[in-house]
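Here's the structure we're looking at; comments come further down.
Any read-out appearing in this document is the output of simple, stated calculations on the displayed coordinates, not a laboratory observation. If you're wondering where the values come from, they're calculated on a predicted model, not measured in any experiment. In this analysis, Cβ positions are derived from the backbone assuming ideal geometry, glycine residues included, and neighbour counts consider all displayed protein chains.
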Amino acid sequence: MITAARSRTMLTLAEVCEELSVSRSTFYDWRAKRRAPRCIKLPNGDLRIRRSDLDHWLDDREDAA
């Protein structure tokens with residue numbers, strides 16, 4: 001059973017795509033090129049992304065202007 005706290009730290013692919021303002025196909029393209037944040041593949045084939053992994057991935061792409 002998934003706890004409420006843990007479910008909030010795991011984002012669905014739709015949530016990530018919405019947050020990044022990219023299409024699902026763009027995300028899959030990034031994933032194929034190993035440029036996407038780390039994903040967890042569930043037994044049913046769905047993807048989940050940890051909030052911490054997404055935040056770290058975004059921090060790594062921050063432009064030091």
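Mind listing just one residue for me: the one in the range 54-65 that is within 20 Å of residue 19 (Cβ to Cβ), out of contact with any Leu (no Cβ under 9 Å at 6 or more places or on another chain) and of a type outside the set (Asp, Glu) and, of those, surrounded by the most Cβ atoms within 10 Å (Cβ to Cβ)? The extreme case among them is 57.
Taking the criterion of being surrounded by 14 or more Cβ atoms within 10 Å (Cβ to Cβ) and either touching a residue at least 40 places away in the same chain (Cβ under 8 Å) or closer than 15 Å to residue 9 by Cβ (or both), the residues of the range 19-46 that qualify are 37, 39.
Summed over the range 29-53, residues that are farther than 14 Å from residue 19 by Cβ and in a loop (DSSP other than H, G, I, E, B) total 10. Here is a check on your reading of the model: is residue 12 out of contact with any helix residue (DSSP H, G or I) (no Cβ under 9 Å at 6 or more places or on another chain), surrounded by 10 or more Cβ atoms within 10 Å (Cβ to Cβ) and among the β-branched types (Val, Ile, Thr)? When the stated conditions are applied, residue 12 passes them.
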